[in-house]
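Q: Have a look at this one.
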2 protein chains.
Amino acid sequence: MKCKKCGQKAVIDLRQHNIAYCQEHYLEWVLNQTERVIEKYDMFTKDERLLVAVSGGKDSLAMWDVLWQLGYNVDGLYLDLGINDQDPYSENSRQFCQQFAAARQLQLKIIDIRAKYGETVPEMASRTKRGHTKPCSQCGLVKRYLLNKEALDGGYDAILTAHNLDDEAAFLFANVTHWSLDYLGRQYPLLPATTGFARKAKPFCRFYERETATYAILRGIQYVYTECPYAVGSKQMRNKRYLNLMEDEQPGFKTQFYLGYLRALKKGAFPHHQEKAEDLELKRCTNCGQPTRSNGVCTFCRLVEDA
Amino acid sequence: MKCKKCGQKAVIDLRQHNIAYCQEHYLEWVLNQTERVIEKYDMFTKDERLLVAVSGGKDSLAMWDVLWQLGYNVDGLYLDLGINDQDPYSENSRQFCQQFAAARQLQLKIIDIRAKYGETVPEMASRTKRGHTKPCSQCGLVKRYLLNKEALDGGYDAILTAHNLDDEAAFLFANVTHWSLDYLGRQYPLLPATTGFARKAKPFCRFYERETATYAILRGIQYVYTECPYAVGSKQMRNKRYLNLMEDEQPGFKTQFYLGYLRALKKGAFPHHQEKAEDLELKRCTNCGQPTRSNGVCTFCRLVEDA
């Protein structure tokens, strides 16, 4: 296997593109591909102030590294969810983020949820019906709320998340097999800002997980290897397993599935479900002032207020 | 496992419904379910003349038997495709259909494609680019054309095919993973008649394959067990394998996937793709007079004319 560009020994084989690269040209390819995706979906520019959500995993740290190298103005945000019951997952993740930012002299904001709201996310969730056995849906709520709030309060132009192609394909697969039309109408790599909501972008949506992992390893980025302990056995994991089987038998399957969906959206599939947040009747939370569909106190404030 | 109705020993366990039945009540359930589906999708009535496409397999013979028992006025149509190269597949299938019809004194029309058009379907296909290695797409064309022609020429009110839930789910899965919007816009259990096209209905679309097989066996229907030799290793088979894995891990998956899709269609998920045949600009084949999208001779006539 030889590098397509220089003929040296390749370090990675991109089956779906039918090309291989050496270390130098692979790193260059990742940078170019990211730049291309940012431009293609008109995500953001180098003049804007960006906030990347970092988890301490390979995807978000690799993405922050890529954007920093490309010259984007990007700060990090780490939400310490307090998931340390089985192993020090949040502790370790936080440290990787801090080391990463310090080595590059990048700004990292940390929100320690227990310090700020009196309870960890698993503790908050355990008091609710849905979160009693698994905190995942409550955790999603907390993350969405705080990312949006921090982006708006900090005057950022956009929030970036490092969802990769495997993530997006698995989410799409769940939405399609359950025909969740609301999600199918707007699983786009860019969600424009609307009243009360910051712009959201996913510049890594076209990279396979193995590509982001390879990038992180080649760049010497230290990241947390373990998955969140609560993710084990999740529906998302099951869907990833199905898609891995399909990808093994039909290389490029995930790319084609995801890009086919984006084309279908453009051709007018799921039209009644492409409504923007501004079309929804949103109220303001009487406690925090953030947008909410409920009357009175928003779901986030209701979750934390009993803490 | 006991019958839900009478408490006798059950012969089948319907996992997705969480019920079991004895032989007598299972056969009754199949009849009731079929009647329900016919009514729900407003497929046809007992006053109409129906034509069922029979292949000699479990699904089509079981369906013909059910409709006959329910008192529908239904004739059979067997297309002898001439697939006898590896084993006498078409020969055997034809005999099962003939035995079935004779035992019930039902009308069965047989079209022997080689006798009528000079070549078997694999022979015709072997002369084409797409059909060179596998005749499946040409075979589909021949079947669609002849079913429609026979229904119209014979003055039938509708053509019925015995696609089961496994078939429909696998077809839907292919359409969704490839985002084939034209098919996604109209994979409905009933296609109304339009100029030049007979009404088409799929009364067995809600039964799992194992349910139709159980019915056929319990009713003592003799049918061809082997699959068409050309179907082995097909994309349809691969998709059925994926869906079987999902159904095993999540009983009821196929039902939910298919019914969710039908609901999504009703909610307008694929609006630009629900165009009816009448909206298409159709011409008439200058040779056979059947509707066609091409100018001059239709694809079927082009396929057979060189024979």
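None of the figures in this text is laboratory data; all of them are computed from the coordinates on show. Note that the structure is predicted; figures quoted are calculated from it, not measured. Cβ sites come from the backbone with ideal geometry, for glycine too, and all protein chains shown count toward neighbours.
Q: Label-point separation (nm) for residue B:115 and residue A:47, each offset 7 Å from Cα along Cα-to-Cβ?
A: About 8.0 nm separates the two model spin labels.
Q: In whole Hz and in residue order, list the ³J(HN,Hα) couplings for region B:104-111 that follow from phi through the Karplus curve 6.51 cos²θ - 1.76 cosθ + 1.60, θ = phi - 60°; x for Gly and Pro.
A: Values, residue by residue: 10, 6, 9, 7, 10, 9, 10, 10 Hz.
Q: A further question on this structure: For chain B, what is the charge dipole size about the Cα centre, in debye to the nearest 20, if Lys and Arg each add +1 at the Cβ and Asp and Glu each add -1 at the Cβ?
A: Details: 42 positive and 37 negative charges, 111 e Å.
My answer is approximately 540 debye.
Q: List the GluC sites (Glu not before Pro) within region A:198-307 that fall in a DSSP loop (any state other than H, G, I, E or B) and whose Cβ has at most 11 other Cβ atoms within 10 Å.
A: Values: sites: A:209, A:211, A:227, A:247, A:249, A:275, A:278, A:281, A:305; in loops: A:227, A:275, A:281.
The qualifying sites are A:281.
Q: I'd like the trypsin sites (Lys or Arg not before Pro) in region A:18-69 restricted to DSSP loop residues with at most 13 other Cβ atoms within 10 Å, sorted by number. Walk me through the intermediate numbers first.
A: Values: sites: A:36, A:40, A:46, A:49, A:58; in loops: A:46.
Of the trypsin sites (Lys or Arg not before Pro), the ones in loops of region A:18-69 whose Cβ has at most 13 other Cβ atoms within 10 Å are A:46.
Q: In whole Hz, what ³J(HN,Hα) sequence does region A:121-138 give by Karplus (6.51, -1.76, 1.60; θ = phi - 60°), x for Gly and Pro?
A: Once θ is set to phi - 60°, the couplings for region A:121-138 become 4, x, 5, 4, 5, 5, 7, 9, 5, 5, x, 4, 8, 9, x, 4, 6, 5 Hz.
Q: Let me see the P(r) profile for region A:82-139: every Cα-Cα distance counted, bins of 10 Å, each bin given as a percent of all pairs.
A: 22, 43, 27, 9, 1
Q: Could you give the dipole magnitude of region B:153-203 about its Cα centre, charging the beta-carbon of Lys and Arg +1 and that of Asp and Glu -1, in debye to the nearest 20?
A: On the way: 4 positive and 6 negative charges, 27 e Å.
Once rounded to the nearest 20, the dipole reads 120 debye.
Q: I want to check the label-to-label distance for residue B:294 and residue A:149. Put each point 7 Å from Cα in the C-beta direction and report it in nm to one decimal.
A: 6.5 nm
Q: Hey, another quick one. Exactly which trypsin sites (Lys or Arg not before Pro) in region A:62-167 are in a DSSP loop and have at most 15 other Cβ atoms within 10 Å?
A: Values: sites: A:94, A:104, A:109, A:114, A:116, A:127, A:129, A:130, A:143, A:144, A:149; in loops: A:127, A:129, A:130.
Counting only loop positions with at most 15 other Cβ atoms within 10 Å, the trypsin sites (Lys or Arg not before Pro) in region A:62-167 are A:127, A:129, A:130.
Q: Shifting gears a bit: For residue A:76, enumerate residues with amide H under 5 Å from its amide H, sequence gap 5+ or separate chain, H modeled in the peptide plane.
A: Residues meeting the amide H criterion: A:52, A:107, A:108, A:109.
Q: While we're here: Check residue A:12: other-chain or 5+ apart residues with amide H under 5 Å from its amide H, H built from backbone geometry?
A: A:21
Q: Pull out the extension gain between residue A:244 and residue A:210, defined as 0.36 nm times the separation in residues minus the alpha carbon to alpha carbon distance; nm, one decimal.
A: Values: separation 34, 0.36 × 34 = 12.24 nm, distance 1.17 nm.
Contour length minus Cα-Cα distance gives 11.1 nm.
Q: For the pair residue B:305/residue B:15, report the inter-label distance in nm, with labels modelled 7 Å from Cα in the Cβ direction.
A: 5.2 nm
Q: While we're on this one: Could you tell me the relative contact order of chain A? Use alpha-carbon pairs under 8 Å, at least six residues apart, and round to a whole percent.
A: On the way: 467 pairs, mean separation 56.9, N = 307.
Taking the mean separation of contacting Cα pairs over the length of chain A, I get 19 percent.
Q: Please state the charge dipole magnitude for the protein assembly as shown, taken about the Cα centre, from unit charges on C-beta atoms (+1 on K and R, -1 on D and E), reported in debye and rounded to the nearest 20. Don't jump to the answer; show the numbers that get you there.
A: Details: 84 positive and 74 negative charges, 56 e Å.
For this selection, approximately 260 debye.
Q: Could I ask something else about it? Using the Karplus equation 6.51 cos²θ - 1.76 cosθ + 1.60 (θ = phi - 60°), what ³J(HN,Hα) coupling, rounded to whole Hz, does each residue of region A:240-256 give in order, writing x for Gly and Pro?
A: Values per residue, Gly and Pro as x: 5, 4, 4, 5, 5, 4, 5, 5, 4, 7, 9, x, x, 4, 5, 4, 5 Hz.
Q: Taking a label point 7 Å out from Cα toward Cβ, give me the nm distances from residue A:186 to the same spot in the other copies, shortest first, one decimal.
A: 3.3
Q: Quick check: convex hull over the Cα atoms of the protein assembly as shown, volume per residue in Å³, rounded to an integer?
A: Numbers: hull volume 124.9 nm³, N = 614.
Measuring per residue, one finds 203 Å³ for the Cα hull of the protein assembly as shown.
Q: Measure up B:40/B:200; B:129/B:235; A:4/A:240; B:109/B:235; A:46/A:200 against 21 Å on the Cα-Cα distance and list the ones that go over. Write down the numbers at each step before the final one.
A: Details: B:40/B:200 15 Å; B:129/B:235 19 Å; A:4/A:240 30 Å; B:109/B:235 31 Å; A:46/A:200 16 Å.
Over 21 Å apart, Cα to Cα: A:4/A:240; B:109/B:235.
Q: If R₀ is 30 angstrom, what is the calculated FRET efficiency for the pair residue B:31 and residue B:186, using the beta carbon separation as r and rounding to 0.05?
A: Using R0 = 30 Å, I get an efficiency of 0.60.
Q: Which whole-percent values make up P(r) of region B:55-106 when all C-alpha to C-alpha distances are grouped in 5 Å steps starting at zero?
A: Result, from short to long distances: 4, 20, 30, 23, 12, 7, 3, 1 percent.
Q: Cα convex hull of chain A: how many Å³ per residue?
A: 144 Å³
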